[in-house]
Structure formats: structure tokens, C-alpha cells
Amino acid sequence: MDDRSVVRLGLLLLSVCASSAEAAELAVRGQVWFPMLDGDAQVSEGPIQGTEVDLEDDLGVDTSEIAPGADIVVRFLNRNTFFFSYWRAGFEGDKILEQTIIVGDKVYPVASRVKTELDFDVFEVGYRFDVIRTDPVSAGLFLDVETFLLHAKIEDTTGFASEEEDLPIPIPTVGAAVDAKIIPEWLSVKARINGMGFDAGDIEATFLDVSGEAELHLTDNIGAFAGYRFMMLDGEGEADDEELALDVTLQGAFVGAGLRF
């Protein structure tokens, strides 16, 4: 290869790298979700069938919560996107029981005072490919895994009975998303839906996640957004010879801000 060929090859590589860099985009966002919780839970152990309890009515769980979260989005080669997100929420209850309940192998008699904890740590990682990619509108399909790390605890205030469970539930999903610029350079909207029925080993779950938002572009690199999210998880799993069944919905508004590079 002569010197001219080396120079031409070098210029070509520089051109490809420059084009890839121009096509790449990084977004980092922080947000706060205000979900309302509704659902029931059941913990059984061996032949002992646990009581199915309503989290709010039976255990006095406060169903409103502030859930912080963060997103990282990397778009490259025009149509491809990798994304990662995390959020967490913790719900607590304190109530004098109106009925006797069984949780695992523990009995909590009527009129006893119990305290309850239900914590979610949720990680999501996925890949999206835009089938449609124009200046005002992009729409695509994505694959992701949303992993719920559940922590549940119930104890009476006398210390006589206590039950605690930690259960990871990884859920692979498929979804669709659309982004549209309503007012170029100023206002855009986004919507997405994903879900899946999942059954593998000791974990079985049905999951649905739907959200929509509007974003105001304050500058070329800074934006503020607000939206609404609905999430449903109906899952069962085994850990430490106990079986946990959880059927919950979380829904509420969210607000946040982000940077684009």
C-alpha cells in the first residue's frame, strides 16, 4: 500500500468516526414519580396456606409514595438506542388487625398491632430500534429486562411474630415507543408500552408498563418533562421454602429534568 492509499484510508476512517460521533446522542435524566399503590399479597410456607391480604384495607399500608429515579439513554447510528433506568419506592403500614391472618408459618391474631414494609428496587436495561426515523417523528420496537427486587416484611409490635422476604423478579419484555416533536425546538411528546407474561423456574409473572410524557426544551441541551405512568405486576415466586404471591398496580404522575449531549 503506497503513501497515498494510507492517507486516503486514514481520511476515510476519520470521516466514518466523525459521522458516528455526530449521529450519537447521550441523555441523562432524573425524575420523581408519585405512584399510588393498589394490590394484595400472600405468603405461604409448605402446606400452610397464607392469608391473601389487601395491602391498604387489611394492613393499613400508606398507598402514596415518592419514588426517585434516573435514566441513561444512548442513541447511535441514527436508529439504535440503548437505555438504562432505575427507580425505587418504599411503602409502610401500621394497623390493628380486624381479622386473624397467616403469613408464612406465623399467625397474627385479630386485634394485634402489625407493621408492614414493602420496598421495590427496579432496574431496567434494553435496546430499541426505530422503524420510523424522521425529523418530527420516530417510532420503534424495543426489548428489555425489568428486574424487580422486592422486600416485604410484617411484624407485630410485641416481637412475637415476624416474617420477612426478599425476592428478585427479572421480567423480559417487548414494547413499542413513539416520539414526536409538536413544536420543533420547544415541545415534544413521548409514549411507550411494554409487557410480557413470564414463567421460568420458581418465578411466574405478568407485567405491563405504560407511560406518556411531554417535554419542554429549555435550551439545546436542557429539558424539563412531566407525564403519567401505569404499571401492573402480578407475580409469584419461591424463596427459602416460602411462596410469595403479589398482585399490585402502581400509577401516578411524574416530573423531571434532563441533559442531552
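Which members of the stretch 153-198 meet the condition of being among the β-branched types (V, I, T), loosely packed, with under 14 Cβ neighbours inside 10 Å and under 30 Å from A245 (Cβ atoms)?
Step one: filter the stretch 153-198 for residues among the β-branched types (V, I, T), giving 154, 157-158, 169, 171, 173-174, 178, 182-183, 189, 193.
Narrowing further to those that are loosely packed, with under 14 Cβ neighbours inside 10 Å: 157-158, 174, 182-183.
Passing the criteria: T157, T158, V174.
If I filter the stretch 69-84 for residues that are in contact (Cβ under 8 Å) with a residue 60 or more places away in the chain, hydrophobic (A, V, I, L, M, F, W, C) and farther than 30 Å from P184 by Cα, do I get at least one hit?
no
When you scan the stretch 156-261 for strands (runs of 3 or more DSSP E) that lie fully inside it, which ones turn up with 3 or more residues that are over 17 Å from the mean Cα position of the chain (by Cα), aliphatic (A, V, I, L, M) and farther than 23 Å from D121 by Cβ? Please lay out each step first, then the result.
Details: elements: 162-183, 187-200, 203-217, 222-239, 242-260.
Where strands (runs of 3 or more DSSP E) fall fully within the stretch 156-261 and carry at least 3 residues being over 17 Å from the mean Cα position of the chain (by Cα), aliphatic (A, V, I, L, M) and farther than 23 Å from D121 by Cβ, they are 162-183.
Only one of these conditions is not met by E45: (1) in contact with a Leu (Cβ under 9 Å, 6 or more places away or on another chain); (2) closer than 24 Å to P109 by Cα; (3) not basic (K, R). Which number is it?
(1) is the only condition that E45 fails.
Taking the stretch 108-146, which residues are of a type in the set (S, T, N, Q), out of contact with any Leu (no Cβ under 8 Å at 6 or more places or on another chain) and surrounded by 15 or more Cβ atoms within 10 Å (Cβ to Cβ)?
First, pick out the residues of the stretch 108-146 that are of a type in the set (S, T, N, Q): 112, 116, 134, 138.
Checking the rest, the ones that are also out of contact with any Leu (no Cβ under 8 Å at 6 or more places or on another chain) come to 134, 138.
Answer for the stretch 108-146, where residues must be of a type in the set (S, T, N, Q), out of contact with any Leu (no Cβ under 8 Å at 6 or more places or on another chain) and surrounded by 15 or more Cβ atoms within 10 Å (Cβ to Cβ): just S138.
Bear in mind that the values in this text are calculations on the coordinates, not laboratory data. Owing to the predicted nature of the structure, the values given are computational and were not obtained by experimental measurement. Backbone-built Cβ (ideal geometry, glycine too); neighbour counts: all protein chains shown.
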